[in-house]
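Worksheet: one structure, shown below.
No lab work stands behind these numbers, since they all come straight from the coordinates. Note that the structure is predicted; figures quoted are calculated from it, not measured. Reconstructed Cβ throughout: ideal geometry from the backbone, glycine too, with neighbour counts over all protein chains shown.
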Amino acid sequence: MLNRRFIVVAAVLAGLALAGCSKGGAAPGASSEDMSLGDPAAKVKVLEYASASCAHCARFNNEVFPAFKAKYIDTGKVRYTLKEFLTPPNEVAAAGFLLARCAGKDKYFTVLDSIYKNQNEMFQTGDFRGVLLRIAQSTGMTEEQFNKCITDEAALKALDARVEKHVRVDKIDSTPTFVINGKTAKAGEMTMADLDAAIAEASK
């Protein structure tokens, strides 16, 4: 069960508009608000629109991302950017992203990785807050800091704005969605073989 403070997240996000998409948006690209890994000068730019509550995103993170990171991000061949998106339960996805950001840029991807790896536990037990609090405490955050983090209205509104832009401008309607050098590679999970082929094409 989510406690009263945690439910505030849902209330703030209630106004999120995921309909009425307009046409003619610019090609998707990384912004200063996004979280990225790898060499900014890399020839290939990979964007992943992902939700912290998306099971497909978790499977990609747990089973494919480590090899992808080692082969392409850590070697400077790819600049990877995660674009935050919200999927049901939206309040859980939002809390996960806010927690990752509160932990700091240097811990953002580590925290998100922990969320994905503990996602099954959250859904099986229904103890979303308890699992997220445990992850927060593993980074040195107190319960008070955690509560303040996930109910930060300014941060929630900023997340709302990012997601709304991804829907309205970038035309994203599902996660994960991968965009490589401005071109949508796939809506849905990508295997390592899929990534190899797409990156090879983008590198030409």
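The Cβ shell under 12 Å around K165 holds other residues with a net charge of -2, Lys and Arg each +1, Asp and Glu each -1.
For the stretch 168-201 versus the stretch 71-135, the spacing of their alpha-carbon centroids is 19 Å.
Run the numbers on the stretch 93-143 and let me know its relative contact order in percent, using alpha-carbon pairs under 8 Å that are six or more apart. Computed value for the stretch 93-143: 33 percent relative contact order.
Along the stretch 108-118 the Karplus relation, 6.51 cos²θ - 1.76 cosθ + 1.60 evaluated at θ = phi - 60°, assigns HN-Hα couplings of 3, 6, 5, 5, 4, 4, 5, 4, 5, 6, 10 Hz to successive residues, with x for each Gly and Pro.
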